[in-house]
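The values are calculated or read from the model by the stated rules, or taken from the named source; none is laboratory data. Quantities reported herein were computed from a predicted structural model and do not represent experimental measurements. Positions of Cβ are backbone-derived with ideal geometry, glycine not excepted, and every protein chain shown enters the neighbour counts. Protein only, heavy atoms only, side chains kept; ligands, DNA and RNA dropped before computing areas. Shrake-Rupley method; radii C 1.70, N 1.55, O 1.52, S 1.80 Å.
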Amino acid sequence: PLKVGNYWVYQQFRVDSDGTENATNIIDSCYIEKDTTINGMMYYKYVRPNYLPEYSITFIHDSLHYIVNSAGVIQFSSMDFTTVFDTRYVYAAPGDTACQLVHQMYDQPVQVITPLANYTTLDSRITLNFYNHWAQHGTPRYQNTNYAKDLGIVSEVLPLFASDPGHTVRKLIRFHLN
């Protein structure tokens, strides 16, 4: 739902390598601040926390069944489960590839439990294929962003680190849609 004034509030959970979730006291939020026209198309200014304690700003729009940013990079699709949206590599040092990241939609609905409700979602998934000694905690690993129909993101795995066997996920606890 891309409308000015919409917001989503999340609580972060720490997930151990065995899948045990522990709630943290960290609460954050995302919101649609305004709309604007870029190259003749309507975009929405989406403000969200970065992994660090700062906010990032992305301009996004709905293009048929895709959510696309102002650089033309697909963030989500409700119907396209075959296209690879992006492939990148993370380097630990020149000549030392730590990880390949592949972003595409997962082709099956995923059930997500949040403190607010249970949702059937579509999963915009980044697969992290770790190389060599960077794979000590398994490979592949996944950075999932789960979208519920007519609501938006209800759960999201924050960036993963090769040295960390667990991860952090943020889950929806409150929202407002205009």
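Pick from 119, 89, 31: which is most flexible by mean-square fluctuation in a GNM of the chain where alpha carbon atoms under 10 Å apart are linked?
So, out of 119, 89, 31, the one fluctuating most is 89.
Let me spell out the model: positive unit charges on the Cβ of Lys and Arg, negative unit charges on the Cβ of Asp and Glu, origin at the Cα centre of the chain. What dipole size does that give, in debye rounded to 20?
The dipole magnitude comes to about 300 debye.
Using Cα pairs under 8 angstrom and six or more residues apart, how large is the relative contact order of the chain, in percent?
22
To the nearest 20 debye, what charge dipole does segment 137-178 have about its Cα centre, counting +1 at the Cβ of each Lys and Arg and -1 at the Cβ of each Asp and Glu?
That gives segment 137-178 a dipole magnitude of about 100 debye.
In nm, give the distance between the simple-model label positions of residue 173 and residue 56, each being 7 Å from the Cα along the Cα-to-Cβ direction.
2.3
Using a Förster distance of 25 Å, how high is the FRET efficiency between residue 88 and residue 163, based on the Cβ-Cβ distance and rounded to 0.05?
My answer for the efficiency is 0.80.
Projected onto the charge dipole of the chain (+1 at Lys/Arg Cβ, -1 at Asp/Glu Cβ, origin at the Cα centre), which of 4, 73, 163 gives the Cα projection farthest towards the positive end?
It is 4.
At what distance in angstrom do the alpha carbon centres of segment 86-115 and segment 129-178 lie from each other?
Comparing the Cα centres of segment 86-115 and segment 129-178, I get a distance of 9 Å.
Which one of 133, 29, 42 has its Cα pushed farthest toward the positive end of the charge dipole of segment 26-178, where Lys and Arg give +1 and Asp and Glu give -1 at the Cβ?
Positive-end residue among those listed: 29.
By per-residue mean of other Cβ atoms within 10 Å, what is the highest-first order of 82-88, 35-41?
The densest-packed peptide leads the list: 82-88, 35-41.
Name the aspartates and glutamates eligible as straight-distance cross-link partners of residue 171: C-alpha to C-alpha under 12 Å, and not fewer than 8 places from it in the same chain.
21, 28, 156
Cross-link partners among aspartates and glutamates for residue 34, C-alpha distance below 18 Å, same-chain residues fewer than 8 apart left out?
62
Over segment 1-155, with every protein chain in place, what whole percent of the accessible area is carbon and sulfur at 1.4 Å, could you tell me?
That share works out to 52 percent.
Rounded to the nearest 20 Debye, what is the dipole magnitude of segment 20-100 about its Cα centre when Lys and Arg each give +1 and Asp and Glu each give -1 at the C-beta?
160
Taking K and R as +1 and D and E as -1, what net charge do the other residues with C-beta under 13 Å from the C-beta of residue 27 add up to?
It works out to a net charge of +2.
Can you work out the accessible area per residue across the chain, with the rest of the protein chains kept in place, probe 1.4 Å, in square angstrom?
55
Given a Förster distance of 30 angstrom, what is the FRET efficiency for residue 79 paired with residue 16, based on the Cβ-Cβ distance and rounded to 0.05?
0.30
What order do you get for 90-99, 142-151, 107-116 when each peptide is scored by the mean count of other beta carbon atoms within 10 Å, highest first?
Listed from highest to lowest mean packing, they are 142-151, 107-116, 90-99.
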